[in-house]
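A short write-up of the structure that comes next.
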Amino acid sequence: MNITKRKTIIAGNWKMNFVDSLKFFEGLSGITIAEGAEVVICAPHTFLNYIGADALKYGVAASVGAQDVSAFGSGAYTGEVSGEMLKHAGASYCIVGHSERRQYHGETNELVAEKALRCHENGLIPIVCVGESLEQREQGKTFTLISKQVSAILNALTEEQLNKTVFAYEPIWAIGTGKTATAEQAEEVCGAIRNRIAKKYNEEKAETISILYGGSMNDKNAVELLSRPDIDGGLIGGASLDPIKFAAINKAVETAGANV
Ligand code: PGA
């Protein structure tokens, strides 16, 4: 990470887990948040309305994020939740294109780009997830695939929208498996994402965009991952459900900052 050039983001992804948010934020009270870093909690839609207030009760400065948004603006789309609604419920971030959405809901690169646009139209910062499966990695397709996933977003967004976009490299084989990418592997792909941005714009622009790593990041491996220059934070699933582990990952930002 490079805290002087871009924001470090530690984002928890609670997925479809029921978390007692008051207890969670009580456990996080007194948490160390490094200067220039931001904590985001991406919670299920029904939690968005109140978790910001719950965090404040315990003095935790956490931004609120959603985990998905409808590709449609409004109207007869039963069961969908629009960007406008997420914003109204207190969200300022929204994950789009998580591999679990791509895998279980057939989300394509084009759909993910639409969702990123809906975020921008409603003042939400999209956290765009990209990543390869184990099979794709073993077949040597990682970089082509990531480039395609990132290109779909770059082609859809204006430069101004890109400025307010976060990417997350999440190798599918590392998600929820306890098998983390090595810091070298994670850095290599985060660097490739930055290069793809530089190719479309320039290096200065690419240097300003935050790129996170996600996939079994935890209190044990966070310092090593965050010490890499191109890894600007984490998108954390399992370890974000435990306030002690999540606080330790936030603490790791300071240690890693000193290492860079
Ligand atoms: P994990 O999930 O930390 O449990 O691997 C990460 C994610 O899916 O965002």
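Descriptive notes on the structure:
- Scope region 171-193; condition assigned to a loop (DSSP other than H, G, I, E, B) and open to solvent by less than 10 Å² (accessible area, probe 1.4 Å); matching residues: P171, A181
- Complete set of residues in region 130-166 that are within 16 Å of the ligand (Cβ to nearest atom) and in contact with a Leu (Cβ under 7 Å, 6 or more places away or on another chain): E132, V166
- Filtering region 179-213 to residues that are within 11 Å of the ligand (Cβ to nearest atom) and either among the basic types (K, R) or in contact (Cβ under 8 Å) with a residue 60 or more places away in the chain (or both) leaves K179, L212.
- Considering (1) at pLDDT below 95; (2) open to solvent by less than 10 Å² (accessible area, probe 1.4 Å), the lone condition that L134 does not fulfil carries the number (2).
- Any chance Y213 is within 18 Å of C42 (Cβ to Cβ) and over 15 Å from the mean Cα position of the chain (by Cα): no
- V64 vs. criteria away from the ligand (no atom under 16 Å from the Cβ) and in contact with a His (Cβ under 6 Å, 6 or more places away or on another chain): no
- Helices (runs of 4 or more DSSP H) completely within region 30-147 that count 2 or more residues being under 19 Å from L212 (Cβ atoms) and of a type in the set (A, V, I, L, M): 109-121
- Candidate set from region 242-260 (those that are away from the ligand (no atom under 16 Å from the Cβ) and not in a loop (DSSP other than H, G, I, E, B)); member that is surrounded by the fewest Cβ atoms within 10 Å (Cβ to Cβ): A258
- When residues of region 214-241 are limited to those that are closer than 20 Å to W14 by Cβ and among the aliphatic types (A, V, I, L, M), the one farthest from the ligand (Cβ to nearest atom): A222
Condition check ((1) closer than 20 Å to G238 by Cβ; (2) free of Cβ contacts under 8 Å to residues at least 12 places away in the same chain; (3) surrounded by 20 or more Cβ atoms within 10 Å (Cβ to Cβ)) across all residues:
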site	(1), (2), (3)
G36	no, no, no
A43	yes, no, yes
T46	no, yes, no
L56	no, yes, no
S70	no, no, no
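The values are calculated or read from the model by the stated rules, or taken from the named source; none is laboratory data. The model shown is predicted, which means the values in this text are computed figures rather than measured ones. Every residue, glycine among them, receives a Cβ derived from its backbone with ideal geometry; neighbour counts consider all protein chains shown. Please note that ligands, DNA and RNA were not included when accessible areas were found on the heavy atoms of the full protein model with its side chains. Shrake-Rupley method; radii C 1.70, N 1.55, O 1.52, S 1.80 Å.
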